[in-house]
1. Leu100 is checked against (1) of a type in the set (A, V, I, L, M); (2) in contact (Cβ under 8 Å) with a residue 40 or more places away in the chain; (3) in a strand (DSSP E or B) and fails just one. What number does that condition carry?
2. If Val19 satisfies every condition in (1) at pLDDT 90 or above; (2) among the aliphatic types (A, V, I, L, M); (3) assigned to a loop (DSSP other than H, G, I, E, B); (4) over 30 Å from Arg223 (Cβ atoms) but one, which is the exception?
3. Tally time: how many residues in segment 27-52 are open to solvent by less than 30 Å² (accessible area, probe 1.4 Å), within 18 Å of Asp77 (Cα to Cα) and outside any helix (DSSP H, G or I)?
4. Within segment 242-251, how many residues turn out to be in a helix (DSSP H, G or I) and among the basic types (Lys, Arg)?
5. Restricting attention to segment 123-142, does a residue exist that is in a helix (DSSP H, G or I), buried (at least 16 other Cβ atoms within 10 Å of the Cβ), among the small types (Gly, Ala, Ser) and without any contact (Cβ under 8 Å) to a residue 60 or more places away in the chain?
6. Which residue is farthest from Glu9 (Cα to Cα), if the candidates are limited to segment 69-119 and must be open to solvent by less than 40 Å² (accessible area, probe 1.4 Å) and of a type in the set (Asp, Glu)?
7. Would you mention how many residues in segment 219-241 are under 24 Å from Thr143 (Cα atoms) and either open to solvent by less than 40 Å² (accessible area, probe 1.4 Å) or assigned to a loop (DSSP other than H, G, I, E, B) (or both)?
8. Every residue in segment 46-79 that is touching a strand residue (DSSP E or B) at 6+ places or on another chain (Cβ under 9 Å) and aliphatic (A, V, I, L, M), please.
Amino acid sequence: MAVNTSNNEFPIDAVITWVNGNDRIWQEKMNSYREEKIDFSSKKQSVRFNSIGEIDIAIQSIVKFAPFTRNIFLVTDQQQPDAFENLVTLAAEKEIKLQLIDHTTIFRDFNDVLPCFNSCSIGTMLFRIPSLAEHFIIFNDDTFLMRETTPSDFFKDGKPIIRGKWERFNEDRILRTLFKRTSAFFGKKPKQGTSFKTFQQQSAKLAGAKKYVRRFHTPVSVRRSTIETFFQDKEHLLAQNIKHRFRNKEQFIISSLSEHLEIMAG
C-alpha cells in the first residue's frame, strides 16, 4: 500500500488510546485490582466508563479531516472496536493504515505493571509504539476533528504547535494559597486530587518550567525524539510513573511533559 505523504514534509502518525468500558471481561479484570469495586449495573457508577461508539467517530474524523496522516495507531488492552474492519477499509481508501497496538507491545520489558487502567501510565509508553513516526499527534477517543486540517495545524518548521494558556503553579497563586491555609485552619483538609490540571503542573516542573501551559481538550503534537532523549538516562523515572495501575497524585502526563520540554528547548 502506498503511504500517504502528499503535501507532507515528513510523515505524521496519529495515536489514540481507547478502552471499551462495556466489555464484561475488561470490567471484571479491572474490578479484580480495585479495592473499591465498581457496580457496572449501576448507571451512576458505570456512566464514566460507557462506550457509545465515539471511537468510530474519532477515527472517521481523522480519515476525513486529516488525510495527510500516515498511520492511525489505536492503543488498546486486548480489545477491538466492533466496526474495526470497516474502519480499516475506510482509512485505506485515503492510503492511511489503521493498526491495533496492544498494551503488551508498548509495555514490553515492563509486563509486571500490566494490566493497566491508568491513562497517565499508558500515555507515558506511547512513544514506544514500533515504527511510530518522529512527528505524531495524540488523540483521546472522544476528540473529534470538525473541519479540514493540514500538517501546519500541528507542526511548524518541524516543531510541535502547542495550544493553551500560561498559568502560575497553584502554590504561586496568592489568593488560592491563602484560601487553602484558611480552610486548613478551620479543619478542612485540602483535596489530594488526581486532576488533569495537577498532572500538567507536575509535568511542567519536571521539565524545569517556572509556570505551565494549561491545555484543554485538544489533540497534542509530539516529537518522539524529545521523549526518547528525556528518558534516555531516566528509566527509573519512567518505571516510577508507569507502576500505578490507577491514577496516582504523584504522576506526570507525557503530553504536558513533551510540551514543556519543547518550550524549555526554545
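The values are calculated or read from the model by the stated rules, or taken from the named source; none is laboratory data. Since the structure is predicted, the reported quantities are computational estimates derived from the model, not experimental observations. Don't worry about glycine lacking a Cβ; one is built from the backbone with ideal geometry, like all the others, and counts go over all protein chains shown. With ligands, DNA and RNA removed, areas are computed over all heavy atoms of the protein, side chains included. Shrake-Rupley method; radii C 1.70, N 1.55, O 1.52, S 1.80 Å.
1. (2)
2. In the conditions (1) at pLDDT 90 or above; (2) among the aliphatic types (A, V, I, L, M); (3) assigned to a loop (DSSP other than H, G, I, E, B); (4) over 30 Å from Arg223 (Cβ atoms), Val19 misses (4) alone.
3. Summing the residues that are open to solvent by less than 30 Å² (accessible area, probe 1.4 Å), within 18 Å of Asp77 (Cα to Cα) and outside any helix (DSSP H, G or I) in segment 27-52 gives 1.
4. Pass one, segment 242-251, residues in a helix (DSSP H, G or I): 242.
Checking the rest, the ones that are also among the basic types (Lys, Arg) come to none.
Qualifying residue count, segment 242-251: 0.
5. If we filter segment 123-142 for residues that are in a helix (DSSP H, G or I), which is where we start, we get 123-124, 126-128.
Pick out the ones that are also buried (at least 16 other Cβ atoms within 10 Å of the Cβ) and you get 123-124, 126-128.
With among the small types (Gly, Ala, Ser) added as a condition, the list becomes 123.
Among the residues that remain, those that are also without any contact (Cβ under 8 Å) to a residue 60 or more places away in the chain are: none.
Scanning segment 123-142, I find no residue that is in a helix (DSSP H, G or I), buried (at least 16 other Cβ atoms within 10 Å of the Cβ), among the small types (Gly, Ala, Ser) and without any contact (Cβ under 8 Å) to a residue 60 or more places away in the chain, so the answer is no.
6. Asp77
7. From segment 219-241, those under 24 Å from Thr143 (Cα atoms) are 219-224, 226-227; that's our starting set.
Still in the running and either open to solvent by less than 40 Å² (accessible area, probe 1.4 Å) or assigned to a loop (DSSP other than H, G, I, E, B) (or both): 219-222, 226-227.
Residues that pass the stated criteria total 6.
8. Hits for segment 46-79 are Ile55, Ala58, Ile59, Ile62, Val63, Ala66, Ile72, Leu74, Val75.
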